[in-house]
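The values are calculated or read from the model by the stated rules, or taken from the named source; none is laboratory data. Predicted model only: the values in this text are computed from it and were never measured. Cβ: placed from backbone, ideal geometry, glycine included. Neighbour counts: every protein chain shown. Please note that ligands, DNA and RNA were not included when accessible areas were found on the heavy atoms of the full protein model with its side chains. Shrake-Rupley method; radii C 1.70, N 1.55, O 1.52, S 1.80 Å.
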Amino acid sequence: MIEQTFERLESRSRERIAAAMSREELEAVRVDVLGRKGELARISKEMGSLTAEERARVGKLLNGAKQGLEAALEARKAEFDRAALAARLDAEWVDLTLPATGAPRGSLHPITIIQSEIEDLFVSMGFTVLDGPEVETEYNNFDALNIPPDHPARDMQDTFWLKSGQLLRTHTSPVQVRGMQKLGPPLRMIAPGRVFRNEEVDASHEHTFYQLEGMMVDREVSVGNLIYFMKTLLSSIFRKDVTVRLRPGYFPFVEPGFELDIECLICGGAGCPVCKQSGWVELLPCGLVQPNVLRMSGIDPEEWNGFAFGLGLTRLAMMRYAIDDIRLLQGGDLRFLHQF
Amino acid sequence: MKFSYNQIRDLVEGLETAPEALKGLITMKTAECEGIEQIGEHLARVCAARVVSVEPIAGTHNVKASVETGRYGERTVVCGAPNCRAGMVTAYVPAGTRLGAATIDKRTVNGVESDGMLASGAELGLNRDAEGVLELDVEPGSPIPGCEPDATIEIDNKSLTHRPDLWGHHGMAREVAAITGNRLKDPVNPRRIPAGEAVVKIEIPDFTLCPRYSALVFENVTVKASPLWLQYRLTAMGLNPINNIVDATNYLMAMLAQPMHAFDRDKLTGDTIRARPARPGERIQALNGEWYELAPADLVIADGAGPVAVAGVIGGMDSAISGSTARIVFESANFQAAGVRRTSARLKLRTDASIRFEKSQDPANTIRALAMAVELLEQVSPGIRLVGGLADAYRPKPAPAPISLPLGWLDRKLGRHIEEAEVTSILESLEFGVSRQTPGVLSVTVPSWRATKDVSLKDDLVEEVGRIIGYGSIPPAPPMVAARVPAANRERAFQHEVRAMLAARGYTEVYNYSFIGGEAARRFGYEPGALVEVANPIASDQSLLRPSLLPGIWKNVVENARNFESFRLFEIGLEIHPANAGADLPRQVSHLAVCSAARQEASPAAALFELKRAAECLMPGAQVRPVEPKCYEHPVRAAVVDWHGETVGRLFELHPSMVESGRAAVLDIDLEAMERARPAMKRYQPIRRYPSSAFDLSVVAELRELVGGIEQKLARLAGEPLEAIEFVRQYSGPPLPAGKKSVSFRLTVAAADGTLSSEEVGAIRGRIIDGMQQSGYELRI
Ligand SMILES: [Zn+2]
């Protein structure tokens, strides 16, 4: 009898809970059923008239009904919360295809990028990175490199002279001289930097460009070692195994002196306009250090020898990024520079 | 330098290597070949032909000629040459031959079918004579003597700088013979130097300037065009045929690298030739027609009356060969390289002679060239006769000492073993003398033509051997050296960090030139005369070295404003200032310039504050202190940047008059000062264990009073318990009186060893308020 009462109450209440459309309606159901004056309270008041045995039985039923309904109420309430949250978040819709905010990315100059890579590579092989001044003495730029006054090799480099009689360095090679004096033998050094030649500017000629000088002086340094370093360097820069060849080249501060060519990366050696159909691209001058150059910097050539090379960073950057106009590099046009 | 392939082949016995292959070999083993030009390909088809009969063609200057060509049978051609006549032997070009850009076709001219053509020297590319068809003296059908298809091999002059001998064909032929393993022929017969007393005297006051002067005198000279073979050969060598005597000097020079000069003997005064310094005020009209003022630093060749040539550079007009020349003095001399180079540079006159002499030519070569001249002149000027013997003045020079070449050392230098026999054979093929000094050591004698400057050390022999074996035969190998950590370059590493940080914050790196002009200098407050000046600038607006990166940055701002609403950029580069007293070199300082520019700023002075933040990121704790503006700075938006007690740069807006529209803020940092100020080590600060307390204070101040200054005053008054002070906001307007603003700060205070009680916090706050009020500030509490 009493069981039926509870059953009816419970099922009726569950229907009302399910039918409630708002938190307020749900609260009304709670007050009606579970409230202080609600139906369950009323039943529990009536329990005084029951025997102890019956009271225990009804009490258990009462608790069961109460817990069941409370859980149903909570579950329904959670549904409302979830729906409310979903509605609130839905209102926060944004269009993620709109542009990003904050400063857009900046970029490094292409020569900086290449230069840093080469610096890292050489540092990993035990080379020190040295800096030298852009305004140099005639002695460091020429004489100390075995190019005395009136030497025809001075024609190979059109020099910017200063009124003071000094000059803008025509190559990074004077840093060899500074490096030998500063570090003493044995040494491994590179020196990237800006150099100057008094030349008319056009798409392939600049009066200001970048080189990277390298030098190694030790007890036993051979042409084979030089080839090894150059191959390692170029394979790293071009990210593939490159084929190189050495041929005679004349630079007064090296003996023997070489021009190093790489097999044309555009045509793979078959011949194309970039390599003037030769299959090879002239890339860097190098050689074993001329004994007089060592001697002038206080190093005994009977005891020490070495190699030196000069890499055209500007040219390398142009090859790497297929830049066809050298003037872009120092033109300051962000439409160009943003691309790196 | 241009080489005739045929000439080289004439000097190398049995040379079979084709020009294209030879180009590759020379490039890999001797000097860089820039290209090959095929010349005279049509000459393979051209032959001599006898004109059998000539019929005029009415109404034209042309004739119808029947020719017997031998090789092609009898042909009929139309010819317009004035010298075309029956009985003559001339050159016949068959139809189908390519002549320059055109192909000779069988075609009808003046109603006559012309089957090929008769050609002039100019049409055949043999010389510049276009007056008439060639006059030949050979059998019909035979080729034009000495005129075969040839190839001009052009070698990069730069790669011949150290090789005086390679400025002549004989020198290059020696290389080719060594490379291909063939025998070299010597075109010189030294026995042709005549014996007997010379009829001219040579005087050389200083043998340093003129180590040797040799000459021969000839009479019964006929000046006329050179034989065809010589004209054609000179053309293939890139030289212009002029007349037989001048052509002979040029040909000898091209063969032996010995510049020669021919004087008209009858135009020389007296019989003594002097190689002496020019006297002040002396001048000469050179062969090119120009007048040159000479200076005592220039060496001249003088006769009894004055200079007749600028030594080693150019001859004089007055004694030049002409059609009436009957006697000549043939000069073959050697001049000091540096002197010729200086004079040639001073006169701005580079000639085939000066280019050779400045490479240090071999004094022994003068008489070789004269011996060859005797034979050549007999060919080109039949009937010519020598007068007297050789005039030859020189100071004997000891032969250079042989070079010791240790073979083990050679192997180590190259990184590859080479057998002694191979080393010997390579050096001997290049005409070095080789003998065994001790086991494993060779004694090498340098030939005179390599001994002037080129080869003196054993290192020079490494190149001789290395290039002939081919550097490609040397295996790449890492060196066996001690592993050492390279010395760090802190400045450069730091500059790379700065670059990376700025790029990540949105700035794009630019590289600007080191040159500026006077106007830009003045615009940035520099007196052009006080800057480092270029003596030979590329343009007048690039004559000064930049004392600041700012002119370049300004240019970037102006130019990029055309393409962008807003942009950010930076540059790291050297400022170049005049040398400090006692220093050798100009002061060259690494600087960083950062710029942010916008046509429309999102908030007032947004770009300036953005750069201030960039400066703080580069230099944590950096302070910005307003200062007097410079002429290019916004009058009230300029400050210096201080870091750890050092002023490291400036933060400012470019003067608005310099920016067409919008604003450009600039941060200019002395990277060396920044590097000096940079703390060497960072040290960790323990994190506070006890809670801190915070309260706000608002200070009323004059509108232009610096917030930073108020903050410092508050901080000083707060004293030791102050953990942090932070600007919150500022406000001006009602209810504040005009000219005043209220600035709010949040102060955080704490004790080192516990929690501050509210009374303690209150006391600190009270102390600050009292202090500020005593300084005359009103506080809004
Ligand atoms: Zn190619």
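Per-structure values
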{"quantity": "Criterion: charged (D, E, K, R) and either at the interface with another protein chain (Cβ under 10 Å from one of its Cβ atoms) or within 16 Å of the ligand (Cβ to nearest atom) (or both) - qualifying residue of A:Glu213, A:Glu220", "calculated": "A:Glu220"}
{"quantity": "Sole exception among (1) at the interface with chain A (Cβ under 8 Å from one of its Cβ atoms); (2) under 18 Å from B:Leu671 (Cβ atoms) for B:Met501, by number", "calculated": "(1)"}
{"quantity": "Residue ID - nearest to B:Phe564 (Cα to Cα), chosen from residues in region B:633-682 that are hydrophobic (A, V, I, L, M, F, W, C) and open to solvent by 60 Å² or more (accessible area, probe 1.4 Å)", "calculated": "B:Val636"}
{"quantity": "Subset tally (residues that are within 16 Å of the ligand (Cβ to nearest atom) and either among the acidic types (Asp, Glu) or touching a Gly at 6+ places or on another chain (Cβ under 9 Å) (or both)) for region A:275-286", "calculated": "8"}
{"quantity": "Criterion violated by B:Glu375 - all others in (1) in contact with a strand residue (DSSP E or B) (Cβ under 8 Å, 6 or more places away or on another chain); (2) at pLDDT 95 or above satisfied", "calculated": "(1)"}
{"quantity": "Pairs with Cβ under 6 Å, 6+ apart, first in region A:248-272 and more than 26 Å from A:Arg295 (Cβ to Cβ) and of a type in the set (Asp, Glu), second open to solvent by 10 Å² or more (accessible area, probe 1.4 Å) and within 16 Å of the ligand (Cβ to nearest atom)", "calculated": "A:Asp261/A:Arg245; A:Asp261/A:Trp280; A:Asp261/A:Glu282; A:Glu263/A:Thr243; A:Glu263/A:Gly269"}
{"quantity": "Matching entry among B:Ala373, B:Ala338 (being closer than 20 Å to B:Ser448 by Cβ and within 36 Å of the chain's Cα centre (by Cα))", "calculated": "B:Ala338"}
{"quantity": "Output for region B:529-570, where each listed residue is farther than 23 Å from A:Asn198 by Cβ, more than 7 Å from every other protein chain (Cβ to nearest Cβ) and not small (Gly, Ala, Ser)", "calculated": "B:Leu550, B:Ile553, B:Trp554, B:Val557, B:Val558, B:Arg562, B:Glu565, B:Phe570"}
{"quantity": "Qualifying residue in region B:169-177 (condition: within 14 Å of chain A (Cβ to nearest Cβ) and either over 30 Å from B:Arg50 (Cα atoms) or buried (at least 18 other Cβ atoms within 10 Å of the Cβ) (or both))", "calculated": "yes"}
{"quantity": "Count of region A:227-274 residues which are more than 16 Å from the ligand (Cβ to nearest atom) and basic (Lys, Arg)", "calculated": "3"}
{"quantity": "Residue within region B:199-213 that is in contact with a Cys (Cβ under 6 Å, 6 or more places away or on another chain) and not β-branched (Val, Ile, Thr) present", "calculated": "no"}
{"quantity": "Within region A:1-73, helices (runs of 4 or more DSSP H) holding 1 or more residues that are in contact with a strand residue (DSSP E or B) (Cβ under 7 Å, 6 or more places away or on another chain) and open to solvent by 90 Å² or more (accessible area, probe 1.4 Å)", "calculated": "none"}
{"quantity": "Any strands (runs of 3 or more DSSP E) falling wholly within region A:240-340 and containing at least 2 residues that are within 12 Å of another protein chain (Cβ to nearest Cβ), open to solvent by less than 20 Å² (accessible area, probe 1.4 Å) and of a type outside the set (A, V, I, L, M, F, W, C)", "calculated": "A:244-248, A:254-263, A:305-312"}
{"quantity": "Output for region B:419-446, where each listed residue is surrounded by 13 or more Cβ atoms within 10 Å (Cβ to Cβ) and hydrophobic (A, V, I, L, M, F, W, C)", "calculated": "B:Val423, B:Ile426, B:Leu427, B:Leu430, B:Phe432, B:Val434, B:Val441, B:Leu442, B:Val444, B:Val446"}
{"quantity": "Contacts under 7 angstrom Cβ, first residue in region B:364-388 being without any contact (Cβ under 8 Å) to a residue 24 or more places away in the chain, partner surrounded by fewer than 24 Cβ atoms within 10 Å (Cβ to Cβ), 6 or more apart", "calculated": "B:Glu378/B:Ile384"}
{"quantity": "First in region B:318-336 and open to solvent by less than 10 Å² (accessible area, probe 1.4 Å), second anywhere and assigned to a strand (DSSP E or B) and of a type in the set (Lys, Arg), Cβ under 7 Å, 6 or more apart", "calculated": "B:Ala333/B:Arg212; B:Asn334/B:Arg212"}
{"quantity": "Region B:694-724, residues that are open to solvent by 30 Å² or more (accessible area, probe 1.4 Å), touching a residue at least 60 places away in the same chain (Cβ under 8 Å) and not in a loop (DSSP other than H, G, I, E, B)", "calculated": "B:Gly708, B:Lys713"}
{"quantity": "Strands (runs of 3 or more DSSP E) enclosed by region B:581-685 - at least 1 residues per element that are away from every other protein chain (no Cβ under 14 Å)", "calculated": "B:623-626, B:633-643, B:646-654, B:663-670"}
{"quantity": "Residue match in region B:261-281 (condition: crowded, with 18+ Cβ neighbours inside 10 Å and closer than 16 Å to B:Met372 by Cα)", "calculated": "yes"}
{"quantity": "Counted residues, region A:136-184 - those being touching a residue at least 40 places away in the same chain (Cβ under 8 Å), part of a loop (DSSP other than H, G, I, E, B) and over 26 Å from B:Phe515 (Cα atoms)", "calculated": "4"}
{"quantity": "Qualifying residue in region A:287-310 (condition: under 30 Å from B:Asn556 (Cβ atoms), away from the ligand (no atom under 16 Å from the Cβ) and touching a strand residue (DSSP E or B) at 6+ places or on another chain (Cβ under 9 Å))", "calculated": "yes"}
{"quantity": "Test: B:Arg523 is under 17 Å from B:Glu575 (Cα atoms) and within 7 Å of another protein chain (Cβ to nearest Cβ)", "calculated": "no"}
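Per-residue answers, yes or no, for (1) among the acidic types (Asp, Glu); (2) open to solvent by 30 Å² or more (accessible area, probe 1.4 Å); (3) touching a helix residue (DSSP H, G or I) at 6+ places or on another chain (Cβ under 9 Å):
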{"residue": "B:Gly125", "(1), (2), (3)": "no, yes, yes"}
{"residue": "B:Glu135", "(1), (2), (3)": "yes, yes, no"}
{"residue": "B:Pro145", "(1), (2), (3)": "no, yes, yes"}
{"residue": "B:Ile153", "(1), (2), (3)": "no, no, yes"}
{"residue": "B:Leu166", "(1), (2), (3)": "no, no, yes"}
{"residue": "B:Lys185", "(1), (2), (3)": "no, yes, yes"}
{"residue": "B:Ala195", "(1), (2), (3)": "no, yes, no"}
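The rows are residues; the columns are (1) in a strand (DSSP E or B); (2) more than 14 Å from chain A (Cβ to nearest Cβ); (3) among the β-branched types (Val, Ile, Thr).
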{"site": "B:Arg9", "(1), (2), (3)": "no, yes, no"}
{"site": "B:Leu15", "(1), (2), (3)": "no, yes, no"}
{"site": "B:Glu20", "(1), (2), (3)": "no, no, no"}
{"site": "B:Arg50", "(1), (2), (3)": "yes, yes, no"}
{"site": "B:Ala58", "(1), (2), (3)": "no, yes, no"}
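Yes/no per residue for (1) in contact with a strand residue (DSSP E or B) (Cβ under 8 Å, 6 or more places away or on another chain); (2) at the interface with chain B (Cβ under 7 Å from one of its Cβ atoms):
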{"site": "A:Asp143", "(1), (2)": "no, no"}
{"site": "A:His151", "(1), (2)": "no, no"}
{"site": "A:Arg154", "(1), (2)": "no, no"}
{"site": "A:Asp158", "(1), (2)": "no, no"}
{"site": "A:Lys163", "(1), (2)": "yes, yes"}
{"site": "A:Thr170", "(1), (2)": "yes, no"}
{"site": "A:Val175", "(1), (2)": "yes, no"}
{"site": "A:Met180", "(1), (2)": "yes, no"}
